[in-house]
Amino acid sequence: MRSYNLFRLKGEEGLCCAVPEASTVPPFIGAGRWTFGGKLCDGSRQPLDFDDRAADTAVRFNGFYLFQTVDRRFID
């Protein structure tokens, strides 16, 4: 698994954006509605519904991976 920076959308329960650590953060993240939620990498805790294969595909086309989680550790 590659390493990601995780961002959470304020006010939208469970909506997350994973951005590869070596990539540029998309402009919509900097609009003040997203908060940094930590790093995801080998050996770290991941949201239960994070899908590595879907993330790889999304990053290839979009540069980031948007997903919804129900994992309470990642919901404010």
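In what sequence, highest mean first, do 30-36, 2-8 appear when ranked by Cβ atoms within 10 angstrom?
Order by mean packing, descending: 2-8, 30-36.
If you compute Rg and Dmax of the Cα atoms in Å for the structure shown, which of (i) 13.0, 55; (ii) 11.3, 30; (iii) 16.4, 57 do you land on?
(ii)
Describe numerically, in nm with one decimal, the distance between label points set 7 Å from Cα along Cα→Cβ at I75 and at V25.
In this crude label model, I75 to V25 measures out at 2.4 nm.
For the chain, what is the mean residue ellipticity at 222 nm derived from helices alone (per DSSP H run of n ≥ 4: -39500 (n - 2.57); sum divided by total residues; nearest 500 deg cm²/dmol)?
-4500 deg cm²/dmol, from helical runs alone.
Using θ = phi - 60° and the Karplus relation 6.51 cos²θ - 1.76 cosθ + 1.60, list the HN-Hα couplings for segment 26-40 in order, rounded to whole Hz, with x at every Gly or Pro.
x, x, 5, 5, x, 7, x, 9, 10, 10, 6, x, x, 10, 10
If each of T35 and R2 carries a label point 7 Å out from its Cα toward its Cβ, how far apart are those two points in nm?
Between T35 and R2, the label points sit 2.7 nm apart.
Quick one: Karplus J couplings for segment 46-63, per residue in order, coefficients 6.51, -1.76, 1.60, θ = phi - 60°, nearest Hz, x for Gly and Pro?
Rounded to whole hertz, the list is 10, x, 4, 9, 6, 10, 4, 5, 5, 4, 4, 5, 4, 5, 4, 8, 10, x.
With a 1.4 Å probe and all protein chains left in place, how much of the accessible area of the chain comes from carbon and sulfur atoms, in whole percent?
Details: 2360 of 4600 Å².
Ligands and nucleic acids excluded, carbon and sulfur reach 51 percent.
In segment 1-26, whose amide N lies under 17 Å from the spot 7 Å out along Cα-to-Cβ of D49? List them in ranges.
Output list for this probe position: 7-18.
The values are calculated or read from the model by the stated rules, or taken from the named source; none is laboratory data. Since the structure is predicted, the reported quantities are computational estimates derived from the model, not experimental observations. Glycine also receives a Cβ, built like all others from the backbone with ideal geometry; neighbour counts cover every protein chain displayed. We work out accessible area using only protein heavy atoms, side chains counted, and drop any ligands, DNA or RNA first. Shrake-Rupley method; radii C 1.70, N 1.55, O 1.52, S 1.80 Å.
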